[in-house]
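One structure is given below, encoded as structure tokens.
The values are calculated or read from the model by the stated rules, or taken from the named source; none is laboratory data. Because the structure is predicted, anything quoted here is derived from the model rather than measured. Because the Cβ atoms are built from the backbone with ideal geometry, glycine has one as well, and the counts that use them run over all protein chains shown. The protein model used for the area step is the full one, side chains on, heavy atoms only, and it has no ligands, DNA or RNA in it. Shrake-Rupley method; radii C 1.70, N 1.55, O 1.52, S 1.80 Å.
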Amino acid sequence: MLAPLTNIFADFISLLFPQECLACEELLARSEKSICTDCRINLPYTNSHLLANTQNELLQRFYNKVPLKHAFAYLYFARSGRVQKLLHALKYQGHEEVGKTLGNWYAAELKENHLNTQWDLIIPVPLHAQKLKKRGYNQSDSFAAGLAQSLEIKWSPDILKRTADTSTQTKKSRLERWENVGQLFRVVDPLAVEHKRVLLVDDVMTTGATLEACALVLLEAGAQEVSVAAIAAA
Ligand SMILES: [Zn+2]
């Protein structure tokens, strides 16, 4: 049982060495947590929640694939940028807390634009059980938790499950990958989504294939409508 000792050690280290901003690596002021004020102001926000449906390129990615109510992303993803660093910290460096912070911040903006009444339930895109065990947490859970907390909406990681591991999928063709993704997810608790307006959340939205597959099974299971939101859109 090394975990408690590791935690104590980490606390001790943080006393000796001030923390760095997870987005730009500048030292944080004592009042700042995870992300510095400069990054907070200057991150590349998409403001997709302010756009009309016809102007929202993220929503258009799903046209003729799955009917969605909304498609939002908080930030733009660029390789080697601040958002890439943030997501790397969230996914691979154990900084689960940054997902919650971003969820809290984004929720405040959604609320300001009266979007908090749009959903009954928040569901994160699940990881496969094996990957979850290896990483220790699902990076989308903390974003879901942060959104749920500030929007005052329930969230659950137990409704939607990933049934197959896709870690080898990069070796497959585009078509095979697509067929694969279609059978990846299962709603294990259909009663929980029946007649619900679901907000499905993920860390990064690229082609939207994963979100699309999840949205389809949620609608099949009886969800009234599905919206999607990602931390970042590539
Ligand atoms: Zn920064």
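Could you pull out the longest piece of the chain with no exposed loop trypsin sites (Lys or Arg not before Pro) in it, calling a site exposed if DSSP puts it outside H, G, I, E, B and it has at most 13 other Cβ atoms within 10 Å? Before the final figure, lay out each step's value.
Values: sites that count: 30, 79, 172.
The longest such stretch corresponds to 80-171.
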| query | In whole angstrom, and with the biggest value first, how far do the Cα coordinates of segment 18-117 range along each principal axis? | reply | 48, 28, 21
| Among the lysines, which fall within straight-line cross-link reach of residue 133, defined as a Cα-Cα distance under 16 Å, with same-chain neighbours fewer than 8 residues apart omitted? | 91, 161
| Where does the longest stretch of the chain lie that holds no GluC sites (Glu not before Pro) found in a DSSP loop with 15 or fewer other Cβ atoms within 10 Å? | 27-151
| remark: Here the relative contact order (percent) of the chain, from C-alpha pairs under 8 Å and at least 6 apart, is 21
| Protein chains only, probe 1.4 Å: how do 195, 70 rank by accessible area, largest first? | 195, 70
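From largest to smallest, what semi-axes in whole angstrom does the chain give when each is the square root of 5 times an eigenvalue of its alpha carbon gyration tensor?
Values: eigenvalues 171, 92, 62 Å².
So the equivalent ellipsoid measures 29, 21, 18 Å along its semi-axes.
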| request: Skip the ligands, DNA and RNA, and give the accessible area per residue of the chain with a 1.4 Å probe, whole Å². | output: 55
| said: Quick check: net charge around residue 155, other residues with Cβ under 13 Å of its Cβ, Lys/Arg +1 and Asp/Glu -1? | reply: -1
| Acute angle (nearest 10 degrees) that the helix 82-92 long axis makes with the longest principal axis of the chain, alpha-carbon atoms | 90
| Which angle from 0 to 90°, rounded to the nearest 10, does the C-alpha axis of helix 139-151 make with the longest principal axis of the chain? | 90
